[in-house]
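K.L.:
Pasting a structure below so you can have a look.
The values are calculated or read from the model by the stated rules, or taken from the named source; none is laboratory data. These numbers were taken from a predicted model, which means no experiment stands behind them. Counting neighbours? That spans all protein chains shown, and the Cβs are built from the backbone with ideal geometry, glycine included.
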Amino acid sequence: MEAELLKLKLASCGIEAFIPDELTAGVAPHIFSTKSGVRLQVAPEDACQAKEVMTSTLNNIEEDSDSGGRASSEAER
């Protein structure tokens, strides 16, 4: 699920991403219950920008969950 959300976020930034194990993860999620997770791939020329977008997105998610969802509420005021 997180990989799909990151894929959508990258697409919104104009970066095409691909989840090579997407069908397997949907049919047999127990295969990905290890720490290896699901792979998300981008073109080599988009790698640096994709890392920045993903890092920023994941940091925002962590900050929001740490504040109990208050971060987005405060930003909206």
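K.L.:
Can you run down the residue pairs with Cβ atoms below 9 Å, 6 or more apart or on separate chains, where the first is in the range 2-17 and more than 10 Å from residue 50 (Cα to Cα) and the partner is basic (Lys, Arg)?
P.N.:
Close Cβ pairs satisfying both conditions: 3/39.
K.L.:
Pull out all pairs, ordered by first then second residue, where Cβ-Cβ is under 9 Å, the residues are six or more apart or on different chains, the first lies in the range 59-72 and is acidic (Asp, Glu), and the second is surrounded by 11 or more Cβ atoms within 10 Å (Cβ to Cβ) and at pLDDT below 75.
P.N.:
Filtered contacts from the range 59-72: 63/71; 64/70; 64/71; 64/72.
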